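Colleague: Here it is, the structure, as structure tokens.
The values are calculated or read from the model by the stated rules, or taken from the named source; none is laboratory data. The model shown is predicted, which means the values in this text are computed figures rather than measured ones. Quick reminder, even Gly has a Cβ in these numbers, built from the backbone with ideal geometry, and neighbours come from all protein chains shown. Surface areas here come from the heavy atoms of the whole protein model, side chains and all, with no ligands, DNA or RNA. Shrake-Rupley method; radii C 1.70, N 1.55, O 1.52, S 1.80 Å.
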Amino acid sequence: MFSTQSSSPFEPVFLNKAKKNIAYVHFPEIHFDYDHARFKRKAYLWLFKKWTEQGISKLDIVFCNSNYTKEMIERYWKSHGVKDPIVVYPPVNLDSFWCDKPISERRKTVTYVARFIPAKRHEIMKKLAVDLPSYDFVSVGGLIEGEKNGLTNSHKTFPKIIF
């Protein structure tokens, strides 16, 4: 089984039936949220946290896209038997993006890549673009098709949005 969702309550059932269990972990979100939550939120997250913990030791391979995420996986899941996470980075061949032009001669561009959801706070880029007019700001991300219209209408002052 190849899993890209590390907080599914159904994973332990599937993990028990699979011959090999491989997980791409974006972030140990449930455990992180639980660790930083107040009482009511902890009560809500507790069951999801326990379900996740039932499957952690059954993962044969765990990989992620950064050393930061690896450290968080180890921090929150080590006591539950997680195997040593493998960092697979960068996710693309960067040769075609390489630039020999000195940094001092390049355009000043800030690029932010994240899903277009409130938690990713793309609106900060708009504020920075106003405060730093000598920089180009690009926000790149994805969202559900039905949400595109609301996003583009609310971000008319944004210089560039790439879906």
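Colleague: Once neighbouring chains are kept in place and the probe is 1.4 Å, which whole percent of the accessible area of segment 35-102 is contributed by carbon and sulfur?
Modeller: 57
Colleague: Beyond 20 Å between alpha-carbons counts as too far, so tell me which of LYS101/LYS127; LYS20/LYS83; LYS50/LYS83 fall in that bin.
Modeller: LYS101/LYS127
Colleague: If I model a spin label at VAL138 and LYS126 as a point 7 Å from the Cα along the Cα→Cβ vector, what separation in nanometres do I get?
Modeller: With each label point 7 Å from Cα toward Cβ, the separation is 2.1 nm.
Colleague: Taking a probe of 1.4 Å, how large is the accessible area per residue of segment 47-130, in Å²?
Modeller: About 72 Å² of surface per residue is accessible.
Colleague: Just subtract the alpha-carbon distance of LYS40 and ASN16 from 0.36 nm times their residue separation and send over the number in nm, one decimal.
Modeller: 5.5 nm
Colleague: I need the peptides 66-74, 95-103 ranked by packing, meaning the mean over residues of other C-beta atoms within 10 angstrom, with the highest value on top.
Modeller: By packing density, highest mean first, the sequence is 66-74, 95-103.
Colleague: Quick one: which residues, 5 or more positions from TYR112 or on another chain, have an amide H under 5 Å from its amide H? H modelled 1.01 Å from N in the peptide plane, none for Pro or chain starts.
Modeller: VAL138, SER139, VAL140
Colleague: Determine, for each peptide in 16-22, 55-61, the mean count of other beta carbons within 10 angstrom over its residues, then list the peptides with the highest first.
Modeller: Ranked by mean Cβ neighbours within 10 Å, highest first: 55-61, 16-22.
Colleague: Run down the aspartates and glutamates and flag those whose C-alpha is under 15 Å from the C-alpha of LYS17, throwing out any fewer than 8 positions away in its chain.
Modeller: ASP60
Colleague: Provide the per-residue ³J(HN,Hα) series for segment 28-39, in order, calculated from phi with Karplus coefficients 6.51, -1.76, 1.60 and θ = phi - 60°, each as a whole number of Hz, with x at glycine and proline positions.
Modeller: For segment 28-39, the Karplus-derived couplings read x, 4, 4, 5, 4, 4, 4, 4, 9, 8, 7, 3 Hz, x marking Gly and Pro.
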